[in-house]
1. Touching a strand residue (DSSP E or B) at 6+ places or on another chain (Cβ under 6 Å) and hydroxyl-bearing (Ser, Thr, Tyr): does that describe residue 201?
2. One residue is enough: does the stretch 173-188 have a residue meeting the conditions among the small types (Gly, Ala, Ser) and touching a helix residue (DSSP H, G or I) at 6+ places or on another chain (Cβ under 7 Å)?
3. Restricting to the stretch 214-229, name every residue that is under 27 Å from residue 192 (Cα atoms) and either in a strand (DSSP E or B) or outside the structural domain of residue 184 (by TED's automatic domain parsing) (or both).
Amino acid sequence: MKTTTAYGVFELRELYQKYVIRGLLIAGTIHMMLICGYHLYTSLTNDQIEFPKRVGGSTVIIYTPPSIQNTQVVPNISVAAGTVKPSIGTPIPVPDAQIDPNTTIVENKDLTPSVGNEIGDPNGATVVIPDNGVTIENEPAPFIPVEKQPVVVNQITPVYPEIPRRAGVEGIVYVKMWVTKEGKVKKVEVVKSSSELFDQSAIAAALQWTFTPAIMNNGPVSVWVTVPFKFRLNK
């Protein structure tokens, strides 16, 4: 049996081997160029390129933490020449010839505001009256044991407000009064009230009360006194 060989088979075999070897060389060269370029880029920029890693069928991206070295440069702020430094608060020596011997120096105690001028709640729940030259006392504790309780000397009846009077409303207000060592009422606080309509009237009356001072250790002391103010209509 005669075997027939196709035309160009031997030539194609030779070309096939030549082009395969050339293709492998070109592919290897391209890979080497990519690897060298990657290493050159990372060495110049100090950055690392992270590629996603596949774990269990899911993609996990791992990020590189930032460098702990502070690479930010602090800007250099220049001050304009000829800038005048502030002189406020800087003591300036004065010649003795210019000092007035009659000059009065204000002390710290003269600059302290008076405690008695304090005003409390605008609705009248807390009111402090001025001292008017009376010795300033500290606010007493909520409970102070005394040998003798203060006794009312001057008792003022509160004015019945017009609105609840017309409405026929009655009420009661419990106020707490700060009685000083002189027996005067310095501060008034509303403890309990059946209606806010009566608070102002009760406070105004309580501020006018006077007492004999409470006694403890043979001396007057300031205390708190709670008094109920009842508002009843004359039927």
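1. On the way: touching a strand residue (DSSP E or B) at 6+ places or on another chain (Cβ under 6 Å): no; hydroxyl-bearing (Ser, Thr, Tyr): yes.
No.
2. Scanning the stretch 173-188 turns up no residue that is among the small types (Gly, Ala, Ser) and touching a helix residue (DSSP H, G or I) at 6+ places or on another chain (Cβ under 7 Å).
3. If the condition is that a residue be under 27 Å from residue 192 (Cα atoms) and either in a strand (DSSP E or B) or outside the structural domain of residue 184 (by TED's automatic domain parsing) (or both), then 214, 221, 223, 224, 225, 226, 227, 228, 229 are the ones that fit.
Table: residues versus (1) in a strand (DSSP E or B); (2) crowded, with 18+ Cβ neighbours inside 10 Å; (3) aliphatic (A, V, I, L, M).
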{"residue": "175", "(1), (2), (3)": "yes, yes, yes"}
{"residue": "186", "(1), (2), (3)": "yes, yes, no"}
{"residue": "189", "(1), (2), (3)": "yes, yes, no"}
{"residue": "199", "(1), (2), (3)": "no, yes, no"}
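The values are calculated or read from the model by the stated rules, or taken from the named source; none is laboratory data. Keep in mind the model is a prediction, meaning the values are calculated, not measured. Counting neighbours? That spans all protein chains shown, and the Cβs are built from the backbone with ideal geometry, glycine included.
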